Structure formats: structure tokens, C-alpha cells
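Below you'll find the structure, written out as C-alpha cells, and then a few comments.
What follows is calculated from the coordinates using simple rules that are stated; it is not laboratory data. Computed from a predicted structure; not experimentally measured. Virtual Cβ from ideal backbone geometry, glycine too; neighbours counted across all protein chains shown.
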Amino acid sequence: MVVAWHPQDIIAGIRKCGWTHQRISEHLGISRSTVTLTIRTGSSPQVRAFISQLIGVPEAELWPFRFPCPPEDRIRR
């Protein structure tokens, strides 16, 4: 079982790369609250993809609850 990253660990990774919530929101043209919510819940695919690429960690590792089962592992009926 893969454990999701803690939101503070994600924020630390973002800061290590020299970015902030505000800078991400301005870069993507979205609200700062969307960035904050995505860090906590993985709700926005656009923000998830950007943060994942920024800190170099796959989305499924940061927010595994958003990716419950890889397609190849699903049982076909």
C-alpha cells in the first residue's frame, strides 16, 4: 500500500524548487485557493500535473487515493 505524501511535504518540495502557491496560481492562471485545495486533496488535474512535474514525483505517488488501481491490475469480467 502506497501512502500519500503529507501536504506539508508537498509544500516543502514546491518551496525547494523556488515556487510558492501564489507563483503557481499566477503561472497557471488559477486561484491560489485551487492550488491549496489541490495540495491537500489532489482535486485539480492541471495543478496535480504541474506540481508533479515541478518536484519530480509521479502524481500517483503524491496522491495515490486519486489513482486507486492501475488499469492492468483491474479484474476483467
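Points to keep in mind about this one:
- A cut-off under 15 angstrom between Cβ atoms defines the neighbours of Gln8, and their net charge, with Lys, Arg +1 and Asp, Glu -1, is +2.
- Mean projected area of the Cα convex hull of the chain, taken over all directions, amounts to 5.6 nm².
- For the chain, relative contact order (Cα pairs under 8 Å, six or more residues apart, normalised by length) works out to 35 percent.
- Amide hydrogen proximity for Thr20: with H placed 1.01 Å from N in the peptide plane, no residue at 5 or more positions away or on another chain lies under 5 Å.
- Ordering of 42-48, 17-23 by burial proxy (mean other Cβ atoms within 10 Å per residue, highest first): 42-48, 17-23
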